[in-house]
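Shown next, in structure tokens, is the structure this report addresses.
The values are calculated or read from the model by the stated rules, or taken from the named source; none is laboratory data. Worth saying up front: this structure is predicted, and the values here are computed from it rather than measured. As a convention, Cβ positions derive from the backbone with ideal geometry for all residues, glycine included, and neighbour counts pool all protein chains shown.
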Amino acid sequence: MQSDDAAPQIGLEGWRFTLAVAAISLGTMLTIIDGAIATVALPTISRDLHVDSSSAVLVVTVYQLVLVMALLPFSALGDRIGLKRLYQGGQLVFTLATILCFFAHSLGFLLVVRALQATGAAAALSVMAAMIRVVYPPKHLGRGLGLNNIMGSVSGALAPTAGGLILAVAPWPWVFAMAAPFAILSLALGRWALPDVPPRQTGPYNLAGAMLNMATFGLIISGLEAVVHGNSPVVSFAIVAIGILFGVALVLHERREAAPILPVDLLSRPVLALSVAGAFIAFSASQMIILSLPFRLQHGYGFEPSEVGAMIAPWPLTTMIVAPVAGSLSDRYPAGLLGGIGMAVATAGLLLLAFLPAHPEYFDIAWRMSVCGAGFGMYLSPNARLIVGSAPRERAASAGGLVSTTRLVGQTMGATGVATVLAFGFATSSVPPILAAGLAVTAGLFSVARLRPSIRNPTAPETNAAQPGGHGDVTAA
């Protein structure tokens, strides 16, 4: 049941606001960078630890899998112990695990500390959006979420380059250890600047829901990975089927809970269901093109890896510019409209990538990537603002956990789709961008559908959700 605690102050000011934003931005960057930076070090790890390449890949997949499994259970815990306490606790665990990675001399130990690292990252990320909602004044919520999206996009883009630079001058354990000083700084800033938010839920923790949630996501994602990479399709599909059964049990269980781990109460609102589904599809599309394009450019057009990196860079660089602008616009204009425009632009960019010239130059690819980055940046920030802003304040942590989980699951499905396309020999063809364009069209239709009055639920004003106890924000749809 919900607590009767008074609502916390909404929005910080002055230097405390600046330092709180810095703490959250650093936390976002570190958790995302450490999830991706190991990719470039995998060949070196494989060689130094005397394991095969497929085993070394577990260093990345274990981190992502634990994140997906733990985000929603942690977001429900944040509602009970306080957002700042869980965020700071997660940062502390992440920092300690980051330091321990430096002392890993076996794959087994490295995988254990990577799982511990992901656990801390999940705790922090699960309440990140809810913390932003408290730090930023209500009228600037979209701007805050837009800035956080920038930090995530830039971090994902910079991680491989940063890893390569570190490996050029130091052994692979430094790829992880270099993050420790910044993690300590984020901890220190957060301890002083982040506001204390009292628990919003009382009563026993929904342990059964948490276990079902972890089993559902863990089995489905592991099974899908095994379908592509495993030797037994029958066993792989059986794992997926068992995960789906756990998912059915999870939904049935959570519908009886007042504060469910999987926020089925929020997803029962059409505007939020469309927003989450659209975000899942959009993240799948973007991940599909980002991962497949290097194969096409190198194997199909003969570009060097260094050239490919420069051609991909315009996407995140354009997103850096567009995302905060779109976030600010979402404070004034419907997210359904902004998202529809964004996905229309992204679809155009993806189709342009599908039909490249026979002998493309750098500019031919770079400007198309910039169009894609602008489209996805226009969509994702307003969409996240709607999901977080539409939830009642006491359910903000669950809404924020839902945003992060949707992003990770969408990216995982996009990566699985790329692996499937590659397995069928379409790496150098226009198939991946055409598929991604189809997904973008679907996400755009979901976004525009939120403009219907019956879905926007016009009985509640937009600013209601930004006030203590508010439940609306529907005109942001």
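The number of residues in the range 286-311 being touching a Phe, Trp or Tyr at 6+ places or on another chain (Cβ under 8 Å) and among the aliphatic types (A, V, I, L, M) comes to 4. Residues of the range 240-265 being surrounded by fewer than 21 Cβ atoms within 10 Å (Cβ to Cβ) and among the aliphatic types (A, V, I, L, M), which ones? Answer for the range 240-265, where residues must be surrounded by fewer than 21 Cβ atoms within 10 Å (Cβ to Cβ) and among the aliphatic types (A, V, I, L, M): Val240, Ala241, Ile242, Ile244, Leu245, Val248, Ala249, Val251, Leu252, Ala258, Val264.
Among residues that are touching a Phe, Trp or Tyr at 6+ places or on another chain (Cβ under 9 Å), of a type outside the set (Val, Ile, Thr) and without any contact (Cβ under 8 Å) to a residue 40 or more places away in the chain, Phe109 is included.
Of the helices (runs of 4 or more DSSP H) that lie entirely inside the range 176-265, those containing 3 or more residues that are free of Cβ contacts under 8 Å to residues at least 12 places away in the same chain span 233-254.
Within the range 291-314, is even one residue closer than 29 Å to Ala449 by Cβ, buried (at least 24 other Cβ atoms within 10 Å of the Cβ) and out of contact with any Gly (no Cβ under 6 Å at 6 or more places or on another chain)? Among the residues of the range 291-314, at least one is closer than 29 Å to Ala449 by Cβ, buried (at least 24 other Cβ atoms within 10 Å of the Cβ) and out of contact with any Gly (no Cβ under 6 Å at 6 or more places or on another chain), which makes the answer yes. Checked against the criterion of being within 18 Å of His140 (Cβ to Cβ) and aliphatic (A, V, I, L, M), the range 358-380 contains one or more residues that satisfy it. The residue that is surrounded by the fewest Cβ atoms within 10 Å (Cβ to Cβ), counting only those in the range 95-107 that are assigned to a helix (DSSP H, G or I) and of a type in the set (Ser, Thr, Tyr), is Thr95.
Taking Thr61 as the residue in question, decide whether it is polar (S, T, N, Q), under 19 Å from Ser46 (Cα atoms) and under 18 Å from the mean Cα position of the chain (by Cα). Yes; evaluated as a whole, the condition is true for this residue. Within the range 184-207, the set of residues being touching an Asp or Glu at 6+ places or on another chain (Cβ under 9 Å) and modelled with pLDDT of 85 or more comprises just one member, Asn206. The single residue among Leu72, Leu92 that is touching a helix residue (DSSP H, G or I) at 6+ places or on another chain (Cβ under 9 Å), surrounded by fewer than 21 Cβ atoms within 10 Å (Cβ to Cβ) and not assigned by TED's automatic domain parsing to the domain that holds Gly218 turns out to be Leu92.
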